[in-house]
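Trainee: Have a look at this one.
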Amino acid sequence: MRNADPTTESLNLDKAEPTASPQHGFFERLYTGTGGFPIVSRRKFFYTMSAVLLLISLLSIAVRGFTLGIDFEGGSRIQVPALANVTTQEVEDVYAETLGHGPVTVQEVGSGSAATIQVRSETLDKDQTDQLQGALRAMLEQESGTSVGLEAISIAEISETWGGQITQKALIALAVFVALTMIYIAIRFERDMSIAAIVSLFFNLIVTAGIYSLVGFEVTPAAVIGLLTILGYVLYDNVVVFDKVEENTRGVLHLHKRTYAEQANLAANQTLMRSISTTVIGILPIIGMLVIAVWMLGVGTLKDLALVQLVGMIVGAYSSIFLAVPVLVSIKERWGPVAAHTKKVLDKRAGGGTTRVPVTAGARAARGPRPTDAGAPRPGARPSGKRHKGRH
């Protein structure tokens with residue numbers, strides 16, 4: 001028996017069916033933007049999850065409310081040096097024994113020689129201030145064994161009027177920011193994207209405020225500044241995502257292969273890794289601020305600023321991808337030409353799956369000979385050689 005020709009074996013191997021393509025891992029697909037994660041098609045799930053977060057946040061705001069700082073609510077702030085053997089409980093006990101009622105909050109801030117015990121209370125008159133200073137001075141001298149001057153115990157008064165002015169200015173700043181955001185996105189992109197971005201902004205605002213209410217941190221001017229900062233971050237993330245959506249959906253209404261929702265989902269996948277990377281890079285310094293400034297140094301204002309930025313950036317990354325893009329697609333598919341185009345593409349797919357029925361020999365004979373062109377060669381005729389005229 002003759003051995004098989006190696007060249008023939010090679011050709012047979014080339015004609016063999018290719019093996020299955022390698023399966024890429026989750027993180028590789030996420031990194032390359034080819035994950036195909038069903039973000040838009042599962043929009044009902046993300047709408048439900050977003051609604052649950054909104055409900056929890058609104059209930060917390062309505063039931064628990066906010067712990068307004070002294071800058072907003074007004075009152076007295078007493079600062080006592082944190083000398084050796086002096087605790088916050090002792091300061092609180094002296095306050096209660098002297099004035100007949102307890103303070104609002106007592107906490108130790110700072111570290112080392114700069115450490116102080118801060119007492120926040122309702123507004124005190126001059127007599128109450130003098131009594132409290134004297135009682136705290138006597139307690140400090142007894143615990144430390146050294147002489148302490150009255151100037152070491154500072155008491156500052158903050159009026160409710162000033163706190164109301166701060167609140168009003170913060171609300172005005174928030175309203176101006178939202179209005180400018182709507183105008184910018186409407187000019188840069190389009191109306192529907194502006195609506196989706198505003199939905200994302202308000203979602204981020206309410207959820208961040210709700211978490212702040214659940215934790216119970218004081219609302220200070222630093223927290224308001226941090227909130228405005230993370231709203232700017234949310235706007236940036238939305239612009240990045242919508243820019244990719246606009247690029248992918250340009251001219252999609254003139255094509256009949258993919259829908260607007262599929263192109264928007266592709267854009268969300270392509271920008272997902274970028275949003276995650278930006279968020280991680282952004283929250284690392286904030287975590288460092290929480291660890292160093294709060295736990296080690298005890299700076300309370302930095303704690304308020306860090307918490308609102310940490311929560312806001314994480315919620316903003318979620319809302320820009322999993323809320324803003326689905327909302328945009330829902331608006332597009334409900335009104336305008338995108339709805340008609342989506343229906344046309346889906347109808348074409350449903351009707352384009354028919355298979356050809358093979359023709360039997362009897363049916364072919366009954367149909368008769370196939371018509372041929374005048375210049376076509378007859379069946380079985382030898383080649384005329386014209387195709388090889390230029391060969392040697």
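Trainee: Do the conditions hold for Arg334, that is, is it modelled with pLDDT under 90, closer than 20 Å to Ile185 by Cβ and open to solvent by 50 Å² or more (accessible area, probe 1.4 Å)?
Mentor: On the way: modelled with pLDDT under 90: yes; closer than 20 Å to Ile185 by Cβ: yes; open to solvent by 50 Å² or more (accessible area, probe 1.4 Å): yes.
Answer is yes for this residue.
Trainee: Which condition number in (1) in a helix (DSSP H, G or I); (2) surrounded by fewer than 18 Cβ atoms within 10 Å (Cβ to Cβ) is the one that Ser147 fails?
Mentor: The number of the failed condition is (1).
Trainee: Does Leu235 satisfy being crowded, with 17+ Cβ neighbours inside 10 Å and in a helix (DSSP H, G or I)? Reasoning before the result, please.
Mentor: Numbers: crowded, with 17+ Cβ neighbours inside 10 Å: yes; in a helix (DSSP H, G or I): yes.
Judged against the criteria, Leu235 is a match.
Trainee: Does at least one position in the stretch 309-327 carry a residue that is closer than 30 Å to Thr67 by Cα, within 18 Å of the chain's Cα centre (by Cα) and not in a helix (DSSP H, G or I)?
Mentor: As a first pass, look at the stretch 309-327 and keep what is closer than 30 Å to Thr67 by Cα: 309-320, 323.
From what's left, within 18 Å of the chain's Cα centre (by Cα): 309-320, 323.
Adding the requirement that they be not in a helix (DSSP H, G or I) leaves 323.
Yes, there is a match, as at least one residue in the stretch 309-327 is closer than 30 Å to Thr67 by Cα, within 18 Å of the chain's Cα centre (by Cα) and not in a helix (DSSP H, G or I).
Trainee: Could you pull out the residue among Ala175, Ala186 that is out of contact with any Asp or Glu (no Cβ under 7 Å at 6 or more places or on another chain) and farther than 26 Å from Ile56 by Cα?
Mentor: Exactly one of Ala175, Ala186 is out of contact with any Asp or Glu (no Cβ under 7 Å at 6 or more places or on another chain) and farther than 26 Å from Ile56 by Cα, namely Ala186.
The values are calculated or read from the model by the stated rules, or taken from the named source; none is laboratory data. As the structure is a computational prediction, the values presented were derived from the model and not from experiment. A quick note on method: Cβ atoms are made from the backbone with ideal geometry, for glycine too, and the neighbour counts reach across all protein chains shown. In case anyone asks, the SASA skips ligands and DNA or RNA and just uses the protein heavy atoms, side chains included. Shrake-Rupley method; radii C 1.70, N 1.55, O 1.52, S 1.80 Å.
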